[in-house]
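Below you'll find the structure, written out as structure tokens, and then a few comments.
Where a number appears in this text, it was derived from the coordinates with a stated rule and is not lab data. Not measured: the values here are computed from a predicted model. Don't worry about glycine lacking a Cβ; one is built from the backbone with ideal geometry, like all the others, and counts go over all protein chains shown.
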Amino acid sequence: MRSFILLLAACALIGSCGNPSGLQPAFFTNIESTVSLYALTRTPVSLPSGYSITGRQPIRTEQGSPFDFAFDIDSTGQPVILPTGPLKLGQQSGIKLSAQDYDSIKFAPTTGYNVDSAQVVHENTVLLAMTRATPCQSSIGFAAPFYAKLHVLAIDTTSTPNGRRIDFVIITDVNCGYRGLELGLPKQ
């Protein structure tokens, strides 16, 4: 009887009764956004160069706000997406080139993310991205990354006032422990 009462108390505490995965029901709706990022080098610092998956927004990297990946143009003129590792910010995030079409990706994989080098991108490149593992607010001792998928729409490597920019669409799932990358409320 005592173990049954402890099980009920634990179930109520983490809210996973009747839920085999132990995850809280998804709360945040997955949305798609169109984003422009500007190169880390040779563009005004007032323009966003990084993207925060958790915050679902472009970030000005010099402000010290956390971000998960940034855009730049390397010394050979190649456009690149950089996770935090090659920026000397620790291996807190990762990126992964996808061979699948953007629309056919339903769930983020959990392995195979590049955390320590830049990924060259071109128009129509599809990438998956993940954050560092973040403690879930509703589950004691449980931490999980957040995931996103992005599709590169356009890249401008010229030095015009609006150049040195990448435009992409992105869907983020900011429900702790979820990997769904379709629009709407994600499924477990």
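Would you tally the residues in the stretch 66-89 being under 17 Å from ASN114 (Cα atoms) and free of Cβ contacts under 8 Å to residues at least 12 places away in the same chain?
2
Filter the stretch 55-109 for residues that are touching a Phe, Trp or Tyr at 6+ places or on another chain (Cβ under 8 Å) and under 17 Å from VAL152 (Cβ atoms) and give the result.
PRO58, ASP68, PHE69, ALA70, PHE71, PRO79, VAL80, ILE81, LEU82, PRO83, ILE95, LYS96
Every residue in the stretch 134-188 that is over 28 Å from GLN100 (Cβ atoms), surrounded by fewer than 19 Cβ atoms within 10 Å (Cβ to Cβ) and either free of Cβ contacts under 8 Å to residues at least 60 places away in the same chain or touching a strand residue (DSSP E or B) at 6+ places or on another chain (Cβ under 8 Å) (or both), please.
Selection gives PRO135, GLN137, GLY141, PHE142, THR158, THR160, PRO161, ASN162, GLY163.
One line per residue, one yes/no per condition, for (1) touching an Asp or Glu at 6+ places or on another chain (Cβ under 7 Å); (2) assigned to a loop (DSSP other than H, G, I, E, B):
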residue: PRO109; (1), (2): no, yes
residue: GLY112; (1), (2): no, yes
residue: ASP116; (1), (2): no, yes
residue: ASN124; (1), (2): no, yes
residue: ARG132; (1), (2): no, yes
residue: GLN137; (1), (2): no, yes
residue: LEU150; (1), (2): no, no
residue: ALA154; (1), (2): yes, no
